[in-house]
Structure formats: structure tokens, C-alpha cells
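S.K.: My questions all concern the structure below.
Nothing in this text is a laboratory measurement; each read-out follows from the coordinates by a stated rule. What you are looking at is a predicted structure, and each value in this text was computed from that prediction instead of being measured. FYI the Cβ positions are ideal-geometry reconstructions off the backbone, even for glycines, and counts take in every protein chain you see.
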Amino acid sequence: MRKIGVLGGMMDPIHWGHIRAALAALNAGLDRVLLAPCLTPAHRPQPVASPEDRMEMCRLAAQADPRLEASDIELRDTTCYAVDTVRLLMERYPDARITWILGADKLQSLPRWYQAETLFSLCDFYVCPRPGYESALEAPGLRLRVLDSPPLEASSGDVVERLHALDDAPELLPREVARYIALRGLYQPDFVPVLRQYGMGDKRLRHTLGVRDTAVELAALHGVSMQAAALAAMLHDLAKPLPLERMQALTREYGLDLPEEITADGNLLHGPLAAAIAERELGIRNEAVLSAIACHTTGKKGMTDLDKVLFIADAIEPNRMDYPGLADMRRLAKTDLTAAVLLSMRRTKEYVLARGLHFCSVTEQAMQDIIEQEEEKA
Ligand SMILES: [Fe+2]
Ligand SMILES: [Fe+2]
């Protein structure tokens, strides 16, 4: 008889604590463990991420072992009693014996679960030790086994806190889950209404989301925080829809000290201005993110990897119409961020000079800085 375990919970988001428990259950003899996010436990606050997103994160987390599987069994529209879930699983897997996996923190309330005696007769229980919680329980008919799993001192709340600090939390979150969170903007405010408020239309919003996708991919490749890249991308063109006069008025209002060659040109000014708005109006305090937003139009001396990720993602995102050098930039960005940025700046310089326009001295300095650094390396 196959042995199938089910690990339920909000999974908001799923983290290594859940996955380790599931792996320990496999080690204890189960053939398969279902990672089953639940819909709306009556006694707890609503999850932040949607059921679909929590399912998808479970699917990604299940890649840790072929015997793990995301399951929608607990995404039912009614109160999810364990006894009902077990019955449904017995219907779905008639040849299997079901094991309920739970943390020691929930163990002592088990005898008070709905129809507990019936539940005990239908399935086995595995308990994951938790520091500060008793792992033993005697109850009539209860078949309980304590798992040998190293306790992880982390909760989804800890994970969310780290995400708010724009940290991918690699020791708590599988990389693919952190990547999904960044790509979908989960556990961050929804900035789309703010972008709309500043006058962003559909086309530029598509561009913004394309920049976010590209920035997250590049961040993953180059060891930069995916959460920071996603946030910077989301806000980088915030000020772009504003008319130049309005940009200049806000620049004065915020007391931004910028050279005239930048304040005279909305194509350059919207970067530093977006950073000022993000900081003062949206409460973004992360200096690295503010820097990337501010310099996405001109570059600057001493660009960080995050600065470069946003700068080049802006230039190569998938909605961009083809232009000379684009294919090279896309290829280069995957292997050499700095070279891609330099190529992009060179192309811009050629374009600007060919039209007899002024090439921004800040960008010129950024290019010289990169060239000098590359020479030092070589
Ligand atoms: Fe921009
Ligand atoms: Fe942009």
C-alpha cells in the first residue's frame, strides 16, 4: 500500500521549514508528500498571497524532491476540516494510506479537532518537533510518530519580514520561490494604482512589467537581490508620464540639486525625480533601490550591480522594438553586466551625436569610470 502524507497550512509563503518537514516525512517511509495550501482558516487572518500564487509557490518548492507534489486538496470553499480532507484523499487515492503531518506547535490541540476520533481512525500522524513545544501526545486511537527533522526557527512571518527588507532570504526560501515572489511583486504593496495616479498608460505599464521580469532574471544571474531589482524596476518610470514643467516644478519642490543638462530634459530628469518621489511619497528607504531608480536614465560613476541590472533591463526588456545593438546587449547582459551597460551607453552616445544633440556629461563620466575599472582589472 502506498503511503501518502499531507502537509497543510497557509503556506504564505511556503519556506524551507515546510519543505524540511516534508522531506523528513519521506525519510520516515512515506512514498509521497502533498504540499497543500489551505483556503481560509476561520480562526486566522487572511493570507497575503492568493490561493493561486500559494499553489504555484508550492509547485516550485516541490521541485526539491520528485516525491513532493503541490495539492489543491485544501483549497475548498468550505471550512477545511482535516477529517474531510483525509476522506477526500482516500477517494482520490483509494490504494493509499494517509498520514497527516503537523508541527508540534499544533499537536496539543489535536484532540479538539473536528471529529478527532474519526480522524484518528482514518489516518496516521507525523509530528515535526518545534523548539519549546511538546512532541508527545496520548489520545485514544491516535497513531503518532515523531519525525527526526532538524527544527527550523522560522515562520512565514519571518520570511515576509525579510522580503519587506528586499532580501531573497536564501536560507529560508527556495530560490525558485523567491524568484516567483519577485516576478509577481508578492508581499509588496501593489504599485500599479500609484503608477496610474502619476499618469502611466497601458503601454508604459507593459514596459515597466517587462523591465521587472528582465531585472529579476538578471538579478538571479548576477547575484543581486531579486526583490530589490523587482521594486526598482516597478518604480523606475514612475515620473516619466509627467509633463516636463511638472517634473521641473517637483524637482524644485524637493530641492533636488541636479545639473541643468538633466533638469532640461525629461528623458533624463524622470530618473532622479522618480527616486525622490519613491522616497518621499512612497516611503521607500532602501538606498540601493533609490540609487538604481535615480541613475537609470544617465548612469553614474561607481554604478552598483543593482544599478547596472536596472539600467540594462530598461534597455533590453522584451517589449522594446528592435534597435541597433539590442541583440548584442541582450546576449551580453546574461554574462557581463558591465559590458552590456557600456555597450548601451555607447549606442546612446552614437545616436545622440548623430542627431547633433548634447550627450549627457554624467553618462560620459559613467562610461569613463567603467572603462577605467575594466582596464584596472585587465
Ligand atoms: Fe526611464
Ligand atoms: Fe523605462
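S.K.: Around Lys3, which amide H atoms from residues at least 5 apart in sequence, or from another chain, sit under 5 Å from its own amide H, with H modelled in the peptide plane?
M.R.: The answer is Asp31, Arg32, Arg97.
S.K.: Starting from the Cα of Glu372, step 7 Å toward the Cβ, then list every residue of segment 310-342 with an amide N under 11 Å from that point.
M.R.: Counting only backbone N, you get no residues.
S.K.: How high is the relative contact order of segment 49-181, given as a whole-number percent (alpha carbon pairs under 8 Å, six or more residues apart)? Working shown, then result.
M.R.: Details: 141 pairs, mean separation 25.1, N = 133.
Result for segment 49-181 is 19 percent.
S.K.: Projecting each Cα onto the charge dipole of the chain (Lys/Arg +1, Asp/Glu -1 at the beta carbon, about the Cα centre), which of Thr85, His296, Ala220 comes out farthest on the positive side?
M.R.: Thr85
S.K.: Right, something else. Averaged over all directions, how much area does the convex hull of the C-alpha atoms of segment 192-377 cover when projected, in nm²? Don't jump to the answer; show the numbers that get you there.
M.R.: Working: hull surface 40.9 nm².
Spelled out: convex hull of the Cα atoms, projected over all directions, averaged, 10.2 nm².
S.K.: Oh, and also: I'd like the FRET efficiency for Ala64 and Met321, computed as 1/(1 + (r/R0)^6) with the beta carbon distance as r and R0 of 41 Å, rounded to 0.05. Mind dumping the intermediate values first?
M.R.: Details: r = 40 Å, r/R0 = 0.98.
For Ala64 and Met321, the calculated efficiency is 0.55.
S.K.: Quick one: grab the alpha carbon gyration tensor of segment 2-154, order the square roots of its eigenvalues as a ≥ b ≥ c, and give me rounded if a/c is under 1.5, else prolate or oblate depending on whether a/b is larger than b/c. Walk me through the numbers before you get to the answer.
M.R.: Details: a/c = 1.21, a/b = 1.14, b/c = 1.06.
In terms of gyration-tensor shape, rounded.
S.K.: For Lys301, what is the net charge nearby, where nearby means another residue's Cβ is under 12 Å from its Cβ and Lys, Arg count +1, Asp, Glu -1? It would help to have the intermediate numbers written out before the result.
M.R.: Details: positive: Lys300; negative: Asp307, Glu364, Asp369, Glu372.
Summing Lys/Arg as +1 and Asp/Glu as -1 gives -3.
S.K.: What is the distance, in nm, between label points placed 7 Å from the Cα along the Cα-to-Cβ direction at Leu137 and at Gln108?
M.R.: Output for this residue pair reads 1.1 nm.
S.K.: Let me ask you something else. What do you get for the angle between helix 51-61 and the principal long axis of the chain? Use alpha-carbon atoms, 0 to 90 degrees, nearest ten.
M.R.: With rounding to tens, the tilt is 90 degrees.
S.K.: Contact order normalised by length for segment 309-378, with contacts defined as Cα pairs under 8 Å and 6 or more residues apart; what percent is it? Don't jump to the answer; show the numbers that get you there.
M.R.: Values: 37 pairs, mean separation 17.1, N = 70.
Result for segment 309-378 is 24 percent.
S.K.: Quick check: the angle from helix 326-335's long axis to the longest principal axis of the chain, C-alpha only, nearest 10 degrees?
M.R.: Compared with the principal axis, the helix lies near 50 degrees.
S.K.: Calculate the spin-label point distance for Ala354 paired with Leu282, positioning each point 7 Å from the Cα along the beta-carbon direction, and give it in nanometres.
M.R.: Distance between label points: 3.3 nm.
S.K.: Label segment 62-152 by shape, choosing from rounded, prolate and oblate, from the square roots a ≥ b ≥ c of the eigenvalues of the Cα gyration tensor; if a/c is under 1.5 it is rounded, and otherwise prolate applies when a/b is larger than b/c, oblate when it is not. If you can, show how the numbers build up before the last one.
M.R.: Values: a/c = 1.65, a/b = 1.13, b/c = 1.46.
Verdict is oblate for segment 62-152.
S.K.: Right, another one. Could you give the dipole magnitude of the chain about its Cα centre, charging the beta-carbon of Lys and Arg +1 and that of Asp and Glu -1, in debye to the nearest 20? Before the final figure, lay out the partial values.
M.R.: Values: 43 positive and 54 negative charges, 176 e Å.
The dipole of the chain has a size of about 840 debye.
S.K.: For the chain, what is the calculated [θ] at 222 nm in deg cm²/dmol (nearest 500), taking -39500 (n - 2.57) for each run of four or more DSSP H residues and dividing by its residue count? It would help to have the intermediate numbers written out before the result.
M.R.: Values: 18 runs with 195 residues, N = 378.
Using -39500 (n - 2.57) per qualifying helix, the result is -15500 deg cm²/dmol.
S.K.: Next question. Sum up the charges of everything whose Cβ sits under 9 Å from the Cβ of Arg2, counting Lys and Arg as +1 and Asp and Glu as -1, but leave Arg2 out.
M.R.: Values: positive: Lys3, Arg32, Arg97; negative: Asp31, Asp95.
Overall, the nearby charge balance is +1.
S.K.: Also, I was wondering about something else. Would you work out if the chain is rounded, prolate or oblate? Take a ≥ b ≥ c from the square roots of the eigenvalues of the alpha-carbon gyration tensor; rounded if a/c is under 1.5, else prolate when a/b is larger than b/c, oblate otherwise.
M.R.: Cα axes put the chain in the prolate bin.
S.K.: Whole-Hz Karplus ³J(HN,Hα) for segment 2-13, in order, using 6.51 cos²θ - 1.76 cosθ + 1.60 and θ = phi - 60°, x for Gly and Pro?
M.R.: Going residue by residue, I get 5, 10, 10, x, 10, 10, x, x, 5, 6, 10, x Hz, with x marking Gly and Pro.
S.K.: OK, next. Would you mind getting me the FRET efficiency between Thr78 and Asp148? Use the beta-carbon distance for r and R0 = 30 Å, nearest 0.05.
M.R.: Details: r = 35 Å, r/R0 = 1.17.
The computed FRET efficiency comes out at 0.30.
S.K.: About the Cα centre of segment 2-154, what is the dipole size in debye to 20, counting +1 per Lys and Arg Cβ and -1 per Asp and Glu Cβ, all else neutral? Let's see the in-between values first.
M.R.: Values: 17 positive and 20 negative charges, 56 e Å.
Computed charge dipole of segment 2-154: roughly 280 debye.
S.K.: Here is a follow-up. Of Val341, Tyr323, Val362, whose Cα points farthest to the positive end of the dipole of segment 297-378 (charges on the beta-carbon: +1 Lys, Arg; -1 Asp, Glu; origin at the Cα centre)?
M.R.: Sorting the options by dipole projection puts first Tyr323.
S.K.: What do you get for the angle between helix 226-235 and the principal long axis of the chain? Use alpha-carbon atoms, 0 to 90 degrees, nearest ten.
M.R.: 50
S.K.: For the chain, which longest stretch is free of loop sites, where a loop site is one of the GluC sites (Glu not before Pro) that DSSP puts outside H, G, I, E and B and that has at most 16 other Cβ atoms within 10 Å?
M.R.: Numbers: sites that count: Glu134, Glu138, Glu153, Glu171, Glu281.
In short, 1-133.
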